[in-house]
Amino acid sequence: MLGSLGLHERAEIKDALAYLSLLVNPADAQAFRRAIQSPRRGVGPAALAQLVTRAREDIGDDLLQACVRAAEIEGSAPAKSGGE
């Protein structure tokens, strides 16, 4: 098959490897960035930049912990009403 992508070049394989990498090393920032963006979760560049900043300041570069803390903060905030 000429012109086709190699196995490791396919987006699905890169995504799966990112998830596996996070299981082994939760501090892998590159794998976190790939995993958080696929499938789409509504985390844009600005939110990702805030997570990276929070991780560097508060936790010491652990992006997964920054997500957990952000979710805890969001959970304690009043719920947003989407239908009004």
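Readers should treat all values here as calculations from the given coordinates under stated rules, not as data from a laboratory. Predicted model only: the values in this text are computed from it and were never measured.
Quick notes on this structure:
- Placing one equal scatterer on every Cα of segment 8-76 and applying the Debye formula, the log10 ratio I(q)/I(0) at q = 0.13 Å⁻¹ is -0.37.
- Gain upon complete extension [residue 57, residue 17; 0.36 nm per residue less C-alpha separation]: 11.6 nm
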